[in-house]
Structures are given as C-alpha cells and as structure tokens.
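Input: a single structure, listed below in structure tokens.
The values are calculated or read from the model by the stated rules, or taken from the named source; none is laboratory data. Just so we're clear, the structure is a prediction, and the values are computed from it rather than from any experiment. Here the Cβ is made from the backbone with ideal geometry for all residues, glycine too, and neighbour counts use every protein chain on show.
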Amino acid sequence: MPLSSFLPGFSSAPPRYAGVSEPSLFASLAHAADPDAHKGTSSVPEALSAREGGGAAGVRQFDFVICGGGTAGCVLASRLTEDPDVSVLLVEAGESDQRQLFSRVPAGWGNLFETPADWNFSTVPQPELSNRSLFQPRGKMLGGSSAMNAQIYQHCSREDYDAWEASGATGWGWSGLQPYFAKAEGFTPHPAHKIDESMRGKEGVWKTGYPTTSPVVDAWVKSGPAAGVPHNPDLNIETNPNGITRFQATVDSKGQRSSTSAAYLPPSVYSRPNLSILTSTRCTKLLLAPSPGASDPATQRCVGVELQQSPDGGKTYVARAKQDVIVSLGAFGTPQLLLCSGVGSKAKLDAAGVEQKVELEGVGEGLKDHVLAGVFFRAKNGTSFEFLKSQVRTIPSLVRWLVFGTGPLRSNLAEGGAFLRSDTIAHDGSVSSSSEGTKGIVDFPINASGKTSSDLEIVCAPVWYLNHALTPAPVPSADSFTMASTLIKPFSTGTVGIRSGSAWDEPVIDPRYLSDKRDQKVLLSGFHLMRRLAQTAPLADLLTGVDLPAGGMEGFLAATDTELLQHARDTAETIYHPFCSARIGAREKGGVVDPSLRVYGTSNVRLCDASVFPDAVSGHPQAAVVAVAEKFADMLRAERMARVAA
Ligand SMILES: Cc1cc2nc3c(=O)[nH]c(=O)nc-3n(C[C@H](O)[C@H](O)[C@H](O)COP(=O)(O)OP(=O)(O)OC[C@H]3O[C@@H](n4cnc5c(N)ncnc54)[C@H](O)[C@@H]3O)c2cc1C
C-alpha cells in the first residue's frame, strides 16, 4: 500500500532525489510554526504606478530599487535599510524561500529542481559535450540560488581576488574583500573538528558550520593523503586553499540551511518600515532616458523599472528610484535584463529587435562556469545516503532532523572536495608536490589564479548523481557514491544572450564547455587521480564496483583517455557556478561595470551579483557573492554619507 494512503497530503509520486519525495505533510508542519513563510507580498503597493496612465506625480519613489531578491539582493536589502532614512524596494520573481521545505532541509535541494522555485534553464547544445543541451537550475525565490544550492561554504583562494584587482577591479582584491567574508559569517565550531577559529567570522548573521558526512565520504577524505592529496581541515584560511576536506556549509546550529533570505531578512529586518519586499513579480525592463546634467550627453539614467506579474494580459507597473537601481538577477538574469533594456552590442540587440540605448560590448560576454564529469561507484551497504531517495526509508531520518536537526538529512550531499593543481597529477594518478618533473597529461601552463591556487577539484557525494540525480540509479536499493572531476579555472568562455526583448523568454545560455582543448586535458587529469583514489584504502575497502562508465571497476581502471573523454562528453554537467557575464573591468576590454559597480554609459544603474566577477573563483562561489554584496552595501553607505555631507 502506498505511503500516501495513510499519510494525508503525502504523494506517492516516485522520489527523484534525496530527501522525502513530496513536501506536503512536513511542509505544513514547518510552515505552521514559521511566520517567515509569508515574508514579502505579491500585492503591488498602490504607490507603484501602473505604466499606462500612471504619471509620476504622487508616485512614491524609493531610494534604491533592488531587482532580484537572491543571494546578493537579500544582503543589500538588509544592509541598506539598517539606515532608517533609506528606503528600499526589493523585487523578486519567486516566493519566500521559507515556503520551501526542501530549501530548509540541507539534503533536500535537488528536490527543488524543475519546480516553481527553479528557473529551470538549459543551455544551447554544447558541441564538445555530445551536442547535449544541459540543465541549468537557478533558485527562483527569496535567497535565490543560496536557497537552493548545495550549501558548500568556501572563501576560495586569496589569489583569485588579487588577480581580479590586478585586472582592473580596483578595491576588489583579497585585502578589500576579506573583512566582508568575516563580517558576514557566523561560524559554529564543532568539537570533533579542530581548526584555527581566529581566522573565521563569529558574529555574522550568515550561519556556517558542519553538516553530516556519510561513512563513504569520511573514508574518501582519509584516503586523500595516501593518494598524495594532503588533508586540509579548513579551506577557509587565507594561507592554504588546497587539499582534501569535508566541506563546511551554510547550515545553522539547528541543522537548517542558512540562505541569505533566512540570514539577512529575519522578521526584525523584513518588517522594517523602510523595506518593501515584492515577491512573484518580475523586473522586465529598465526604462532608460538621457541623464540630465551628465557630462557625456549619451549617458542614460534609469527612470523606472518595469514590473510585471504575468507575461500577458496583466498590468505593467513602474518602480522608481531616487538614487540607484541595483540589478542582482544572477549571471543569466542580469545580462538578460540589460540586453532587454537596450544595453549591449548593436549586433546582439538588432538580432533580438531591441532598440539600443547604450553601446556596451561586454554584456553577456565572458561567461564562465564550472563543469564536472563523474564516475559512479557502487559502495558497501550502509555507507552512503542513497537510501534517502526512498520515502519510506527516509522517515526515521526525517523525524530525527525535525526533532534534533541532525542525521543524514543534515548532509549537504556534496560532502567532500579535493583542490589541487592539475599539472601535479601524473598519468598513473600519483600526485607530486610540484609540476616540476611530473609526467602527466597537463603539459601546458595551467589557468590557476597564482602559484598557490588550484585549477581542479574532485568533488564527491554519497549518492548516485548522474544528470543532477534526475536519472535514477540502475539499482535504487544499492548504495551509490559519485566522484567527479571538476574544472574550477576553465579556459573556455561562453556567452549569455537573448531571443527577444521580452524578459519572459529564456535567456540564450552558451557556456561553450570544453571548447578550449586544454580544459579536456585538465578534466582527464582528474580522472587519473580518481582512479588512484578509488584504489586507496580506506575508500577502496568500501567500493564494490563501478556502474558508469560501463565495464565495471576493471573497465574504469583500464579505460584509455579517449574512452574517458567520451564518457565525459556524454555525462558532464554544470556544477552550477555561472559568473563573469557582466564583469568589472575596463569598458574597452569587455568590462560592463566600473569598480563602483556602475554600468558604463548610465548614471544610476549598478550591478551586484555573480555576473560582475572579473574572472572565475577557484571553488564554490556563494561566499564570494555575499562578500561582494557586503562590500558594495558599505560603498553605497559611504556614497550617501558623502552626499549628505556635501
Ligand atoms: C543547485 C545549485 C547548487 C549550488 N551549490 C553551491 C554550493 O554548494 N556552494 C556555493 O558556494 N555555491 C553554490 N552554487 C552557486 C551559488 O549558489 C551562486 O553562485 C550564487 O548563489 C549566485 O548568487 P547571485 O546573487 O548571483 O544570483 P541568485 O542567487 O541566483 O539571485 C538572483 C535572483 O534574482 C531573481 N530574478 C532573476 N530574474 C528576475 C527578474 N527578471 N525579476 C525579478 N527577479 C528575478 C531570482 O529569482 C533570484 O532570486 C550552487 C548553485 C545552484 C543553482
């Protein structure tokens, strides 16, 4: 008899992923106790004029309009409204993340894929990946992708930011950003994991700590040093961003996800009279007009943000900002809105039928993303968390998580990572301390940010993670384990474009994965290391076979590079880190914003999200997005104080 027959509201639909298969029962419990579920409103304030017939007279203006209540948007809304004299309108296309149980359960994030809380984008066919069109999930709710992601908390390498600064992003080097990583973070130590806590933020609102790890990932971390990858108990100290580790995550002391919505917009903040949060509303265009008094007559000012709640038939509203309009729609949404508003290259805009307002070549150019290709192992019974895909077998874990906030559902699933330089990996998978004399497939200068940074990550999860776990495991009752070679400093660069001037159409996403052949070799070097890790105890003692690539463990160990690359072409996927699509940098070098994050050719359009990264960070980027937003909020505060003083 299906579970749904005796648990009201509990669907019998087959689960796709870890965690319970349907949220209804437990979501009701969670929401009943949670006033934050109703954070924000979808009722458009009367103060926003309907575009048709609504004049500017009597219309309320906000000091700042923030487009997008995602990872960066929530930080900005919270920080800017600390000043009671500053009014902010935050506009978000999705609902409150607190309505999503699977956002709150650390292991539940994959269950948000292809739901209304996901933008559910896909790329154009990728020639180097067997012409496949790849799934690109993004969080569509308050908190944005921080409410859907795998919660890995990583500062990445200080050299990443110093390279940003060297490329022209003045002020955005490590010394400029480090105070903001610390300001944001509220780290909860764990007695079993000794690290130098003095290097970590304690008082911040964004909670970080230790999620649960599975036996198979514990073994994987222990196998690292024997395979040549030193153990690093804390990647988040500026002296060493490399080595093998169990990840820290944005999980709070109660075992719940700390999204930027949960962290930065608690009731005491979202009820501020100077903060209005409009949900279920899409920013569809920046209305641009010549900027009065600008030294360059071509300069445009955003006189209003066009808002809609449905693609056709509904009303169009306009939100106006006295000061700045801040666009925080993420690496796909931000260039899309700029292009839909006429900010971009003439050729792109003409092709989409959009009237040009600002010539800006770099919009949507320079996209980077991290791509991974996995090996899918069978593990000994009881060592992985594959059982979380069965709703019946999940029930004890669910009760444990609801009552204590512990157990397998507190796992973020992407539990372990190893960071290293691909040119230190030899053909036999052994790792040297330097590239000097290493005979491996990577025989060219790697793309790392500096001498002490990595270009390769091996990430692992105690589940079958083929096609974002949307493709079921061959034997669902068996224990699975996935290890994946991941390009964290790819050479390949892609684009974001538009099909039309409508923000309701999907952006055209073309990451051009592996289009630079050097990326193919870096990816393969990761496979060489994964072979070695799989044969190293204690991990080797827990692995019982390989389901994919075909041919079992023997086949995987004996596969040629050509065969491994074909497997990668057929199975590689994003690890969800698009950035750099509207970069900080010089205009003539493809920059879209100057170091004050102002869009070139405009007087009051600012950008703040992953799109402004000048280059890829060598790891998981959400902490960098938050640090950038924290710093930008301080910059806006300083600008305001200077204006008031003048
Ligand atoms: C599945 C997944 C797993 C990930 N795992 C990790 C991880 O473990 N660790 C890590 O560090 N990083 C991870 N990331 C990446 C990280 O979450 C992102 O880099 C980061 O959150 C991006 O922040 P952002 O502010 O640029 O964009 P987002 O957080 O995506 O915010 C954009 C916001 O704008 C809204 N929006 C978009 N268009 C419109 C519009 N037209 N009108 C109104 N609102 C709009 C969106 O709904 C969203 O709320 C993951 C991402 C995903 C999707």
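Small (Gly, Ala, Ser), in a loop (DSSP other than H, G, I, E, B), within 11 Å of the ligand (Cβ to nearest atom) and touching a strand residue (DSSP E or B) at 6+ places or on another chain (Cβ under 7 Å): is that true of Ser280 in this structure?
Working: small (Gly, Ala, Ser): yes; in a loop (DSSP other than H, G, I, E, B): yes; within 11 Å of the ligand (Cβ to nearest atom): yes; touching a strand residue (DSSP E or B) at 6+ places or on another chain (Cβ under 7 Å): yes.
Spelling it out, Ser280 is indeed small (Gly, Ala, Ser), in a loop (DSSP other than H, G, I, E, B), within 11 Å of the ligand (Cβ to nearest atom) and touching a strand residue (DSSP E or B) at 6+ places or on another chain (Cβ under 7 Å).
So, in region 572-589, exactly how many residues are in a loop (DSSP other than H, G, I, E, B) and buried (at least 17 other Cβ atoms within 10 Å of the Cβ)?
Final tally of qualifying residues: 10.
Mind telling me which of the residues Ala642, Ala624 ends up being surrounded by 22 or more Cβ atoms within 10 Å (Cβ to Cβ), at negative phi and either among the β-branched types (Val, Ile, Thr) or not in a loop (DSSP other than H, G, I, E, B) (or both)?
Residue meeting the stated conditions: Ala624.
I'm told Thr334 meets every condition in (1) surrounded by fewer than 19 Cβ atoms within 10 Å (Cβ to Cβ); (2) in contact with a Ser or Thr (Cβ under 7 Å, 6 or more places away or on another chain) except one. Can you identify the failing condition by its number?
Tallying (1) surrounded by fewer than 19 Cβ atoms within 10 Å (Cβ to Cβ); (2) in contact with a Ser or Thr (Cβ under 7 Å, 6 or more places away or on another chain), Thr334 fails exactly one: (1).
In this structure, is Gly440 under 29 Å from the mean Cα position of the chain (by Cα), modelled with pLDDT of 95 or more, surrounded by 16 or more Cβ atoms within 10 Å (Cβ to Cβ) and more than 16 Å from the ligand (Cβ to nearest atom)?
So Gly440 does not fit the description; no.
If you go through region 213-231 one residue at a time, how many are touching a residue at least 40 places away in the same chain (Cβ under 8 Å) and assigned to a loop (DSSP other than H, G, I, E, B)?
Going through region 213-231, the residues touching a residue at least 40 places away in the same chain (Cβ under 8 Å) turn out to be 213-217, 219-224, 226-229.
Subset that is assigned to a loop (DSSP other than H, G, I, E, B): 213-214, 228-229.
Count: 4.
For region 106-128, name all the residues that are over 24 Å from Ser492 (Cβ atoms) and either hydroxyl-bearing (Ser, Thr, Tyr) or over 17 Å from the mean Cα position of the chain (by Cα) (or both).
Thr115, Pro116 - these are the residues of region 106-128 that are over 24 Å from Ser492 (Cβ atoms) and either hydroxyl-bearing (Ser, Thr, Tyr) or over 17 Å from the mean Cα position of the chain (by Cα) (or both).
Within region 99-206, considering only helices (runs of 4 or more DSSP H) that don't extend past its boundaries, which have at least 1 residues that are among the acidic types (Asp, Glu), touching a Lys or Arg at 6+ places or on another chain (Cβ under 7 Å) and surrounded by 22 or more Cβ atoms within 10 Å (Cβ to Cβ)?
none
Go through the residues of region 347-365 one by one and say whether even a single one is within 13 Å of the ligand (Cβ to nearest atom), over 25 Å from the mean Cα position of the chain (by Cα) and more than 29 Å from Thr486 (Cβ to Cβ).
Among the residues of region 347-365, not one is within 13 Å of the ligand (Cβ to nearest atom), over 25 Å from the mean Cα position of the chain (by Cα) and more than 29 Å from Thr486 (Cβ to Cβ), which makes the answer no.
Among the residues of region 366-378, what is the count of those that are away from the ligand (no atom under 16 Å from the Cβ) and either assigned to a loop (DSSP other than H, G, I, E, B) or surrounded by 24 or more Cβ atoms within 10 Å (Cβ to Cβ) (or both)?
Adding up the residues that qualify gives 3.
Can you go through Leu288, Leu235 and tell me which one is part of a strand (DSSP E or B) and at pLDDT 95 or above?
Only one candidate qualifies: Leu288.
In region 320-343, what residues are within 16 Å of the ligand (Cβ to nearest atom) and assigned to a strand (DSSP E or B)?
Going residue by residue through region 320-343, those that are within 16 Å of the ligand (Cβ to nearest atom) are 321, 325-343.
Result: Ala321, Val325, Ile326, Val327, Val343.
Can Ala77 be described as part of a helix (DSSP H, G or I) and touching a residue at least 60 places away in the same chain (Cβ under 8 Å)? Steps first, answer last, please.
Details: part of a helix (DSSP H, G or I): yes; touching a residue at least 60 places away in the same chain (Cβ under 8 Å): yes.
Against the criterion (part of a helix (DSSP H, G or I) and touching a residue at least 60 places away in the same chain (Cβ under 8 Å)), Ala77 qualifies.
Write out, first by first residue and then by second, each pair whose Cβ atoms fall under 8 Å of each other, whose residues are 6+ apart or on separate chains, and whose first residue, in region 111-135, is without any contact (Cβ under 8 Å) to a residue 24 or more places away in the chain and more than 15 Å from Pro578 (Cβ to Cβ) while the second is assigned to a loop (DSSP other than H, G, I, E, B) and β-branched (Val, Ile, Thr).
The qualifying pairs are Ser133/Val124.
Being surrounded by 24 or more Cβ atoms within 10 Å (Cβ to Cβ) and of a type in the set (Ser, Thr, Tyr): is that true of Ser430 here?
Answer is no for this residue.
Go through region 62-97 and count every residue that is under 24 Å from the mean Cα position of the chain (by Cα) and more than 10 Å from the ligand (Cβ to nearest atom).
The total comes to 7.
Condition test on Gln300, is it within 15 Å of the ligand (Cβ to nearest atom) and surrounded by 22 or more Cβ atoms within 10 Å (Cβ to Cβ)?
No: the conditions fail for Gln300.
Just to check your reading of the model, which residue among Thr170, Thr188 is within 21 Å of Val105 (Cα to Cα) and away from the ligand (no atom under 16 Å from the Cβ)?
Testing whether each residue is within 21 Å of Val105 (Cα to Cα) and away from the ligand (no atom under 16 Å from the Cβ) leaves just Thr188.
When you scan region 559-594, how many residues do you find that are of a type in the set (Asp, Glu), more than 16 Å from the ligand (Cβ to nearest atom) and touching a residue at least 60 places away in the same chain (Cβ under 8 Å)?
Adding up the residues that qualify gives 2.
Identify, by number, the condition in (1) under 28 Å from Gly494 (Cα atoms); (2) touching a residue at least 12 places away in the same chain (Cβ under 8 Å); (3) in a helix (DSSP H, G or I); (4) not acidic (Asp, Glu) that Ser618 doesn't meet.
(3)
Being surrounded by fewer than 21 Cβ atoms within 10 Å (Cβ to Cβ), in contact (Cβ under 8 Å) with a residue 24 or more places away in the chain and of a type in the set (Gly, Ala, Ser) is the filter here; which residues of region 527-558 pass it?
Ala537, Ala540, Gly545
Taking the residues in region 598-615 that are buried (at least 24 other Cβ atoms within 10 Å of the Cβ) and either part of a helix (DSSP H, G or I) or charged (D, E, K, R) (or both) as candidates, determine which candidate is farthest from the ligand (Cβ to nearest atom).
Arg606
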